[in-house]
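These notes are about the structure you will find just below.
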Amino acid sequence: MNISKSIEAYKQAVKSIPGGVNSPVRAFKSVNGNPLFIAKAKGAKISDIDGNEFIDYVGSWGPMILGHAHPEVVKALNETLLNGTSFGAPTLLEIQMAETINAMIPSIESVRMVNSGTEATMSALRLARGFTGRSIVVKFEGCYHGHGDSFLIKAGSGALTLGVPSSPGITEGTAKDTLIADYNNLDSVEALFKQNAENIAAVIIEPITGNIGVVEPTNEFIQGLRKLCTQYGALLIFDEVMTGFRVAKGGAQQLLGVKPDLTTLGKIIGGGLPVGAYGGRKDIMDKLAPQGPIYQAGTLSGNPMAMAAGLTTLKIINETPNFYSDLETKSAMLEAGLNENLVKTGVSGVVNRVGSMFTLFFTANKAVNSYADVLTCNTDFFAKYFNLSLESGIYLAPSQFEAGFVSAAHTISDIQYTIEKSYEALKQLNN
Ligand code: KE4
């Protein structure tokens, strides 16, 4: 595959952009490759500047559930554009967006728009601290909630360790207020509550993880988490930036039957434009300025362009008959094909999938249910598989520890082609 233009572009990019990219995971570092510079995308296909076309399973890391450049989204943007792009003043579109989110996610009674998932989680944490008057947040090792200081923390050892900065630039003062627990290990959370009782403001979790790859919570764990938070007066925050409107119309909380106190959203609700949101119980949200004392603001929050793209996306989701069942059919077909390929080639691996988000973990484990399980993966093997897939015209997330996404635009033949090429790649790698 000729990627000479991307190679030249990357050489140029690194001169003026740190690492040549505006978000680290795009650099293809963990797959030993040269990042592809994208020229355009339509439906389930994405094309690079060398003219190579791929079936896209990244979907901009989740937003593109309809596929790229959906005609109705493009039309809505074009019409909105003509009336101006940003006013720094309220618009009717923002009321529509808030009412749509509140209707689709029952635990959300009031919602505030922001401009990224990171802004949503940072703001939700500040709100939880202000509402409870407490300082400590509990997160789970491996879960990713954006690049806010409080979240770029993981245990120095074990699950019960006080936070240790995992990125330079995060102060000890910040780290001490972040405690780390083990995903799917309720005891690890209970121990933190027993040690810190009335000081924990919130527990934040990816209710179904995407950022260590896809891992589902056990019912006992996620229900137990809800009970613990209620028992100790801490807020339960579901970070649904990725799972919101992805795994079900009502997000992971609908699938899991657990009602969080706050939910963070992003990605799909912007239809590919910069967006984030956080919402939940009205008694909590009403503590936000200008209604209450807890401050949070944003120049472009709720801007007309992101609202138009997001509202059109949610409208299509709500009005398309069998939207999620069709996604389920295609995604289940992909999962079955990948599992069959593992059996036929003898490659060790586990496919985890919830709805249209999936991960093929290359591990000898028979199951992947925890961060520790995820760490058993053979990332070198993944890198080789990733690059063979790319050669075959399949664009996967450039990391073993990410989720892949099927969109409404993927066709049965796209899925069949992907299964075929995945088989060939695994066969080649296992010889
Ligand atoms: P952003 O600030 O990137 O919009 O959202 C942060 C975020 C928060 N919470 C969850 C559950 C998320 O998945 C994310 C962002 N996800 C990554 C993909 N794993 C974004 C890709 C990137 O960092 O470039």
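For Ala191 and Leu81, FRET efficiency with R0 = 35 Å and r from the beta-carbon atoms, rounded to 0.05? Working shown, then result.
Values: r = 53 Å, r/R0 = 1.51.
That pair, Leu81 with Ala191, gives E of 0.10.
Rounded, prolate or oblate, given the Cα gyration tensor of segment 386-431, with a/c below 1.5 counting as rounded? Working shown, then result.
Numbers: a/c = 2.30, a/b = 1.27, b/c = 1.81.
Note, shape of segment 386-431 comes out oblate.
Quick one: work out Rg over Rh on the C-alpha atoms of segment 292-337, Rh as Kirkwood radius. It would help to have the intermediate numbers written out before the result.
Values: Rg = 17.6 Å, Rh = 13.8 Å.
Ratio value, two decimals: 1.28.
How about segment 49-139: which chymotrypsin sites (Phe, Trp or Tyr not before Pro) there are in a DSSP loop, with at most 13 other Cβ atoms within 10 Å of their Cβ? Mind dumping the intermediate values first?
Working: sites: Phe54, Tyr57, Trp61, Phe87, Phe131; in loops: Tyr57, Phe87.
Of the chymotrypsin sites (Phe, Trp or Tyr not before Pro), the ones in loops of segment 49-139 whose Cβ has at most 13 other Cβ atoms within 10 Å are Phe87.
Could you list, bin by bin from short to long, the percent of Cα-Cα pairs of the chain in 20 Å steps?
26, 59, 15, 0
Mean Kyte-Doolittle of at least -0.5 plus a Cα span of 27 Å or more along the axis: flag which DSSP H helices in the chain meet both, please. Could the numbers behind the result be given before it?
Details: long enough: 323-345 (33 Å, -0.25).
Membrane-span-like by this criterion, though nothing is claimed about a membrane: 323-345.
With Cβ to Cβ distances under 12 Å as the rule, what net charge do the other residues near Ser301 carry (K, R +1; D, E -1)?
On the way: positive: Arg112; negative: Glu94, Glu119.
Value of the local net charge: -1.
Compute the whole-percent fraction of alpha carbon pairs in segment 16-118 spaced more than 18 Å apart.
Distances greater than 18 Å cover 68 percent of the Cα pairs.
If I build a Gaussian network model for the chain, linking alpha-carbon pairs within less than 10 angstrom, which residue out of Ala120, Ala408, Ala39 has the largest mean-square fluctuation?
Ala39
Can you give the relative contact order of the chain as a percent, counting alpha carbon pairs under 8 Å and 6+ residues apart?
Values: 880 pairs, mean separation 91.3, N = 431.
After rounding, I find 21 percent.
How high is the FRET efficiency from Lys11 to Glu172, r the C-beta distance, R0 51 Å, rounded to 0.05? Working shown, then result.
Values: r = 39 Å, r/R0 = 0.76.
In this case the efficiency is close to 0.85.
Packing-wise, with mean Cβ within 10 Å as the measure, how do 109-117, 399-407, 379-387, 294-302 rank, highest first? Kindly include the intermediate steps, with their values, before the conclusion.
Details: 109-117: 22.2, 399-407: 24.3, 379-387: 18.7, 294-302: 15.7.
Order by mean packing, descending: 399-407, 109-117, 379-387, 294-302.
Select from Gly276, Gly224, Gly173 the residue whose mean-square fluctuation is largest in a Gaussian network model of the chain (Cα-Cα springs shorter than 10 Å).
Gly173
Under a 1.4 Å probe, what is the accessible area of segment 224-351 per residue, stated in Å²? Don't skip to the answer; put the middle values down first.
On the way: 4610 Å² over 128 residues.
Computed with neighbouring chains in place, this is 36 Å² per residue.
Of all DSSP beta bridges located in segment 71-319, what percent are antiparallel, nearest 5? Let's see the in-between values first.
Values: 15 of 32 bridges.
Around 45 percent antiparallel, to the nearest 5.
What's the extension gain from Lys29 to Lys259 if we count 0.36 nm per residue and subtract their Cα-Cα distance?
Numbers: separation 230, 0.36 × 230 = 82.80 nm, distance 3.79 nm.
Length gained between Lys29 and Lys259: 79.0 nm.
Report, by chain and number, residues whose modeled amide H sits under 5 Å from the one on Val138, excluding near sequence neighbours (fewer than 5 apart, same chain).
Here Leu179, Ala202, Val203, Ile204 satisfy the definition.
Starting from the Cα gyration tensor of segment 230-302, take the square roots of the eigenvalues, sort them a ≥ b ≥ c, and report rounded, prolate or oblate (rounded when a/c is under 1.5, otherwise prolate if a/b is larger than b/c, else oblate). List each step's numbers first, then the result.
Values: a/c = 2.79, a/b = 1.05, b/c = 2.66.
Here segment 230-302 falls in the oblate category.
Dividing the Cα convex hull volume of segment 71-319 by residue count, how many Å³ per residue is that?
On the way: hull volume 30.3 nm³, N = 249.
That works out to 122 Å³ per residue.
Counting alpha carbon pairs within less than 8 Å and at least 6 residues apart, what relative contact order, in whole percent, applies to segment 71-319? Provide the component values of the computation, followed by the final result.
Numbers: 506 pairs, mean separation 71.3, N = 249.
Relative contact order for segment 71-319 comes out at 29 percent.
When the chain is fully extended, how far beyond the present Cα-Cα distance does Thr230 get from His147, taking 0.36 nm per residue of separation? Display every interim value, and only then the final one.
Working: separation 83, 0.36 × 83 = 29.88 nm, distance 2.74 nm.
Contour length minus Cα-Cα distance gives 27.1 nm.
Give me the one-decimal nm value for the distance between modelled label points at Lys287 and Phe323, 7 Å along each residue's Cα-to-Cβ direction.
Taking the two extended label points, one gets 3.3 nm.
State the antiparallel share, in %, of DSSP beta bridges confined to the chain, rounding to the nearest 5. Provide the component values of the computation, followed by the final result.
Numbers: 30 of 49 bridges.
Antiparallel: roughly 60 percent of the beta bridges in the chain.
For segment 369-415, what is the accessible area per residue in Å² when the probe is 1.4 Å?
Details: 1620 Å² over 47 residues.
Accessible surface, normalised per residue, equals 34 Å².
Using only Cα atoms, locate the centre of segment 64-127 and the centre of segment 204-248, then give the distance between them in Å, rounded to an integer.
Comparing the Cα centres of segment 64-127 and segment 204-248, I get a distance of 23 Å.
On alpha-carbon atoms, Rg over Rh for segment 342-431 using Kirkwood Rh?
Numbers: Rg = 12.7 Å, Rh = 13.6 Å.
Answer for segment 342-431: 0.94.
Measuring from label point to label point, each 7 Å out along Cα→Cβ, what is the Ile95 to Asn430 span in nm?
Placing both labels 7 Å along Cα→Cβ, they lie 5.9 nm apart.
Around Ile153, what is the net charge, scoring Lys/Arg as +1 and Asp/Glu as -1 over all other residues with Cβ under 12 Å from its Cβ?
Details: positive: Lys139, Lys154, Lys176; negative: Glu141, Asp149, Glu172, Asp177.
Residues close to Ile153 contribute a combined charge of -1.
Would you look at the GNM of the chain, springs on alpha carbons closer than 10 Å, and say which of Val203, Val14, Val347 moves the most?
Val14
Expressed in nm to one decimal, what extension gain is obtained for the pair Thr376 and Val343 from 0.36 nm per residue of sequence separation less their Cα-Cα distance?
Contour length minus Cα-Cα distance gives 9.9 nm.
By the scheme Lys and Arg +1, Asp and Glu -1, what is the net charge of all other residues having a beta-carbon under 11 Å from that of Tyr423?
Values: positive: Lys344, Lys421, Lys427; negative: Glu340, Glu420, Glu424.
Counting the neighbours of Tyr423, the net charge comes to 0.
The values are calculated or read from the model by the stated rules, or taken from the named source; none is laboratory data. Predicted, not measured: the structure shown is a model, and the values here were computed from it. Positions of Cβ are generated from backbone atoms using ideal geometry, with glycine treated the same way; all protein chains shown enter the neighbour counts. The accessibility values were calculated without ligands, DNA or RNA, using every heavy atom of the protein model including side chains. Shrake-Rupley method; radii C 1.70, N 1.55, O 1.52, S 1.80 Å.
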